[in-house]
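The values are calculated or read from the model by the stated rules, or taken from the named source; none is laboratory data. Just so you know, these numbers come straight off a predicted model, no measurement behind them. Positions of Cβ are generated from backbone atoms using ideal geometry, with glycine treated the same way; all protein chains shown enter the neighbour counts.
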Amino acid sequence: MELRSALQRLGNQARLIRSGPNLGRKKPIMPQKIMDVLMLGRCSHEFSWPRRANDGDYYQVCLLCAAEYKYDWTTMRRTERVEHTKPETGIKRSHPREKRPKWTPRARRLKFCLTLRYRVNSTSVWHEGTVENISQTGLLFQGPQQLPVNTLIELVFEMPEEISGQNNRNVLCQGRVIRSREKEVEERPAETEGSTKTATLAASIVDYKFIR
């Protein structure tokens, strides 16, 4: 008898749960950010500098989970995830090569006014400068002095979220000077007379890492 009464109580509780106040209500829509996290495998994704594949397309690698995504420099966005397939065995069929246009449009540039610090590799003196723009070829910035072409440098600045995938995060970049020219800046009369010299430098980015 006690077992039968216990089973009856359990059945009554189950009916109450099924007919509770939430019955008939619409389920809340999951926030988009949570959906994105679930779809991206619960990784916050810290992306490397876009690299160029053998086919000429660019891709990025997450420094946390090693996932790879195609990167479009035209829109400065990641597109689809790269899935590596096993190489096919057997006879390889030759495909005609696609003709690439001889004219290449100028890379899109993100214009900024960001402060940065940089130094020549293996030196201890840091210089302050200002980033003007960033593109697939690297970055253009202003500094206090010229540097020889091919000089290896380190730079610290806030990498744009469109590239790094993170907001308000500083990175330490390894770069190479590809262009450098002197620029004269006229001083205000109230300060000093004459002009001072600064330099406009362009550097390619070899790689970078996030500063913790």
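Tell me, please, whether a residue that is surrounded by fewer than 17 Cβ atoms within 10 Å (Cβ to Cβ), at pLDDT below 90 and closer than 24 Å to Trp73 by Cα can be found in segment 138-157. No. Give me the pairs: first residue in segment 138-152 and more than 11 Å from Val177 (Cα to Cα) and not assigned by TED's automatic domain parsing to the domain that holds Ser48, second residue of a type in the set (Phe, Trp, Tyr) and not in a loop (DSSP other than H, G, I, E, B), beta-carbon distance under 7 Å, and six or more apart or on different chains, which are they? As it stands, the answer is Gly143/Tyr118, since those pairs meet every condition given. Scanning segment 133-143 for residues that are closer than 17 Å to Thr198 by Cα and touching a His at 6+ places or on another chain (Cβ under 7 Å) turns up at least one hit. Among all positions in segment 63-70, there is no residue which is in a loop (DSSP other than H, G, I, E, B), closer than 20 Å to Gln174 by Cα and at pLDDT 90 or above.
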